[in-house]
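The values are calculated or read from the model by the stated rules, or taken from the named source; none is laboratory data. In this text the structure is predicted, and so the values were computed from the model without any measurement. With ideal geometry, Cβ positions are generated from the backbone for all residues, glycine too; neighbour counts draw on all protein chains shown.
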Amino acid sequence: MRVVSQLLAMIAVLVDSRAAMACPGCPTSRLVRQVVCAQHPWTNLAITAAPFAVFGAIAWGLHRMKGPLPSPQDRR
């Protein structure tokens, strides 16, 4: 039942959503494009991706520290 309610909520949101509008030629968008893409695009990309890499490394390390799960016979 929960899946059905989530599906209905998603359909309601998608039906009511309108297309996002942007102004690719306005002065603000040209300035942002110049700042982000013109000088150091790889540095900007690395700074954007760095938090995801750090979080992934921490999650991987915590997962490795957990160790094997006990077998059902050991729980008795």
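Taking every residue in the range 27-50 that is on the phi < 0 side of the Ramachandran plot and modelled with pLDDT of 80 or more and pairing it with any residue that is surrounded by fewer than 10 Cβ atoms within 10 Å (Cβ to Cβ) and not in a helix (DSSP H, G or I), at least 6 positions away or on another chain, the pairs with Cβ-Cβ distances below 8 Å are 29/22; 29/23. Residues of the range 1-26 that are modelled with pLDDT of 80 or more, surrounded by fewer than 10 Cβ atoms within 10 Å (Cβ to Cβ) and outside any helix (DSSP H, G or I): 25 alone.
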